[in-house]
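Contents: one structure, followed by commentary.
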Amino acid sequence: MKGQPTDAVIQHVRDIPLYQKALAEGYFPLLEKPEIARGFPDNWMTPRLAAALASGEAEFVLSTGTNHARMQIIRPPYFLLRSYYELWSDHPDIAGTWWSGCRRVSLTTVLATEHVARVNAARRGVEPDPVPTLDDRRLDERTCYLNLRLDPATWDRDEVLRMLGEIEQARREHPQGLYHLDCSGYHLAHLVRKALAWNLRDAFPPPASIIHAYEYTPVNVRRYLRRHFDCPVIDLFGSTELGYLYFSDREGRYRPHLDGMSVELLPVADGSTIHELVVTSVRNPYMPLVRYRTGDCVRTSDGEPDPEGIVQFCGRVKELLGTPRGPVAQGDLDRLVGDASDAVFVHRLDVHGGEEATLLYTTFTGEPVGTGESETLRRGLEELTGRRCRIEHRSHLPIGRSGKYAWLTADGA
C-alpha cells in the first residue's frame, strides 16, 4: 500500500507501544507531533531504550521550538551534529574543508548559543553564565557559536568586532588559514552589512565554505551571500528529530540525503502543487518515526509528488496563506519579491482580514526600492494574494522570540 512502511521498518518499531495499534490493524496513519508527545516517554519505552538511557547511549532532548511547540525527543548524543558532520564530509563541493580539519564557526540564533552554554554548564555542574565566554560556547573541539543577541540588527560595533575576532581565531587554528562558516542566512547578511557600514570588511576573514541550515533563506539573501563570498554557499534541510534530509550543491540544486529514511509528498490541498513532507525514518534507532508529518512544505520541478524532484523548501504548513487561487507559501511570496527587486532584505506580509494586506520590507542599503519596482511588487502581490496591497519601507523589522523572522502576520499581530 502506498506510503506504508517496509517490512524492514516494521521490524524496527515492532516493540514500541506507540505503534501497537497500527501493527494490529496493518495500517500506519500519519504520525502527528501531539501523538509523539502523548504519554511520553512511556509510549516509546522498550527494554532496549531503557538500557540505552541507563548507559547514556540515548538521551532526552528538546527540539528547538523555532518552527513549532518544543517537543521532547529521545536520540543518541550529538545525533544532529553527527548528521551535519556526515553530510559536510561527503558533500561534493565542500568535503575538502571537512577533511582538511577546518574549524566550524556558527552564526545563528541566540537560542542555539544559549543551548550550547547550558549543556556545557550542566556538564560542569554549574549554572550558565549570563554572558557565556567563547569556551562556554564550544559545542565540541571543532565547533563554536558566536551570537549573543536576539536581534542581529541590534549588534553594535564592539559586538561585531568580537565576532570577527572569534572567526579570526578559528581561522588561525588551521594550517592553511581556512575555516567553515555555518549560519542562518539572515544573521550572516546582517554581519556583512554591519562590517561594510563600519569599514570592517577587511577584518572579516573569507570562509572556505558556507552552510546555511537553520531556517528558510530568502532568494535575495542567498544572492547577497554569493555576491560577497567567493566560496560554495550550501543549503541544508533537516530537523532536530530527523537529522538532515536534503542538501543543495553550489548551484542551488537539491539532492536527497536519505540514509535510513524514505519520503512521501502529500498535497496540502486538493489541486495544490505545494506538498507537505512526510518522512519515515529509522536513522534514530531509539525513536524511529513512521509517516511523520514534519509540517514542512516543498515544491517540485513539475508539481508532481516526486521526492527526487524537490526544487524548493517553501515554508510551513501552519503558515500557508489562504487565497482565492489556493494556498500560498512563504517561498511563493519570496520568489515574487526576489523577481521584483534584489534590494529587498527582510520582508513581512501583514494580512488585514480577507481583503487587504501590507508588505513591510527593509533593504540591504537602507533605502526604499524605486517607484517602478514598488509598483511591480504591489501588482504581483495583489495577484498572488487576491487582496488589495500596500508596500511600506521600514528601517527595521523586529525578529521573533525564536530568533527567526515571521514572513506572515494577521492584522499586524
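The values are calculated or read from the model by the stated rules, or taken from the named source; none is laboratory data. Not measured: the values here are computed from a predicted model. FYI the Cβ positions are ideal-geometry reconstructions off the backbone, even for glycines, and counts take in every protein chain you see.
Miscellaneous remarks
- When region 40-55 is filtered for residues that are touching a residue at least 12 places away in the same chain (Cβ under 8 Å) and surrounded by 12 or more Cβ atoms within 10 Å (Cβ to Cβ), the ones remaining, listed by number, are Phe40, Pro41, Asn43, Trp44, Met45, Thr46, Arg48, Leu49, Ala52, Leu53.
Yes/no matrix, rows are residues, columns are (1) over 21 Å from the mean Cα position of the chain (by Cα); (2) surrounded by fewer than 19 Cβ atoms within 10 Å (Cβ to Cβ); (3) assigned to a strand (DSSP E or B):
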{"position": "Pro207", "(1), (2), (3)": "no, no, no"}
{"position": "Thr217", "(1), (2), (3)": "no, no, no"}
{"position": "Ile234", "(1), (2), (3)": "no, no, yes"}
{"position": "Phe237", "(1), (2), (3)": "no, no, yes"}
{"position": "Tyr244", "(1), (2), (3)": "no, no, yes"}
{"position": "Gly252", "(1), (2), (3)": "no, yes, no"}
{"position": "Val278", "(1), (2), (3)": "no, no, yes"}
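- Look at (1) assigned to a helix (DSSP H, G or I); (2) surrounded by 13 or more Cβ atoms within 10 Å (Cβ to Cβ) and you find that Asp158 fails only one, number (2).
- Of all residues in region 86-100, those being closer than 16 Å to His174 by Cβ and part of a loop (DSSP other than H, G, I, E, B) number 2.
- Test: Glu35 is charged (D, E, K, R), outside any loop (DSSP other than H, G, I, E, B), surrounded by fewer than 19 Cβ atoms within 10 Å (Cβ to Cβ) and touching a residue at least 12 places away in the same chain (Cβ under 8 Å): yes
- Filtered residues of region 1-32 (kept if under 11 Å from Pro288 (Cβ atoms), touching a strand residue (DSSP E or B) at 6+ places or on another chain (Cβ under 6 Å) and part of a loop (DSSP other than H, G, I, E, B)): Pro5
- Of all the numbered requirements in (1) surrounded by fewer than 18 Cβ atoms within 10 Å (Cβ to Cβ); (2) over 21 Å from the mean Cα position of the chain (by Cα); (3) within 25 Å of Arg325 (Cβ to Cβ); (4) at pLDDT 95 or above, Gly354 misses one, and that requirement is (4).
- Any chance Leu289 is farther than 17 Å from Leu397 by Cβ and either surrounded by 22 or more Cβ atoms within 10 Å (Cβ to Cβ) or β-branched (Val, Ile, Thr) (or both): yes
- Residue list for region 357-377, filter: over 22 Å from Pro152 (Cβ atoms) and surrounded by fewer than 16 Cβ atoms within 10 Å (Cβ to Cβ): Gly370, Thr371, Gly372, Glu375
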